[in-house]
Amino acid sequence: NVPPAHFDEAVADAALPLDPRRDALTLALVCACVARGVPLLGVCRGFQEINVALGGSLHQRVHAVPGRMDHREPAARPLDEQYALAHEVSFAPDSAFARWAGAAQARVNSLHGQGIARLAPGLRAVGHAPDGLVEALEIPQAKAFACAAQWHPEWDCATHVLNGAMFRAFGEACRERQRERQGQPRHGGG
């Protein structure tokens, strides 16, 4: 969990693990990646870290917020059930996520207790769960690929259309960055 001190709140559940050393690194890395045009893909906690690093806040316990679903996984169940598709996400029609999904919606897994409360300035919420919680975001002003998903796309990226397309797009952005650093022409003749 991202420590709530980063968005001026006290810890709501002291039993949940916090990792201040990780946060010291990742929150700074998010800002550096955006500033330097390094491709950035946030997944679950990384999604939350992007929002917090850029000035947003989180619900520490989404399941306790009136009108929100319980987005946590059934922890006592086998992994394939914990990571099973749990709910729909609706995408902005002009978003990369809608393009990757090939549709306005996709079913995703759900394994998180925290979620975006206040979206950071400069972020664009492009995917929402049925309860309205932000599940996908883009950083429109970033110089390179900069997207994040609240779900775990790595769980089923070989067969899930959206998840596979997201990782392919991120991989291509990383290869493009490497070509640019090596002084090679942009891919596609540009």
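The values are calculated or read from the model by the stated rules, or taken from the named source; none is laboratory data. All of these numbers come straight from a predicted model, not from anything done at the bench. When we count neighbours, we look across all protein chains shown, and the Cβ atoms used for this are built from the backbone with ideal geometry, even at glycine. Remember, those area values only see protein heavy atoms, side chains included, never the ligands or the DNA or RNA. Shrake-Rupley method; radii C 1.70, N 1.55, O 1.52, S 1.80 Å.
Tabulated values for the structure
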| read-out | value |
| --- | --- |
| Accessible surface ranking that places the most exposed of Met69, Met166 first, with a 1.4 angstrom probe | Met69, Met166 |
| Average accessible area per residue (Å²) across the chain - probe 1.4 Å, nucleic acids and ligands excluded | 51 |
| Kyte-Doolittle mean at least -0.5, axial Cα span of 27 Å or more - DSSP H helices of the chain | none |
| Whole-Hz ³J(HN,Hα) from phi, Karplus 6.51 cos²θ - 1.76 cosθ + 1.60, for segment 4-11, glycine and proline x | x, 4, 5, 10, 6, 10, 7, 5 |
| Check: the chain dipole with +1 on Lys, Arg Cβ and -1 on Asp, Glu Cβ, in debye | 700 |
| Computed P(r) (all Cα pairs; segment 10-100; 10 Å bins; percent) | 12, 34, 39, 15, 0 |
| Leading residue at positive end of dipole, the chain (Cβ point charges), from His128, Leu29, Gly164 | Leu29 |
| Overall Cα dimensions of the chain - principal axes, largest extent first, Å | 51, 34, 29 |
| Glu49 - accessible surface, heavy atoms, 1.4 Å probe, Å² rounded to 10 | 10 |
| Cα-based Rg and Dmax for segment 83-158, where Dmax is the largest Cα-Cα distance (Å) | 12.0, 34 |
| Leading residue at positive end of dipole, segment 81-190 (Cβ point charges), from Gln184, Ala84, Trp155 | Gln184 |
| Within segment 1-26, backbone nitrogen closer than 11 Å to the virtual label 7 Å beyond the Cα of Arg118 toward Cβ | 7-9 |
| Residue-by-residue Karplus 3J(HN,Hα) for segment 121-129, coefficients 6.51, -1.76, 1.60, Hz, glycine and proline x | x, x, 8, 10, 6, 10, x, 9, 6 |
| In nm, spacing of pseudo-spin labels at Leu16 and Gln184 (7 Å Cα→C-beta vector) | 4.3 |
| Fraction of accessible area attributable to carbon and sulfur, the chain (%, probe 1.4 Å) | 54 |
| Surface accessible to a 1.4 Å probe, Ser90 within the full protein complex, Å² | 50 |
| Virtual spin-label span in nm between Ala103 and Glu9, 7 Å along Cα→Cβ | 3.2 |
| CD proxy at 222 nm, helix term only [per DSSP H run n ≥ 4: -39500 (n - 2.57); per residue of the chain; nearest 500] | -9000 deg cm²/dmol |
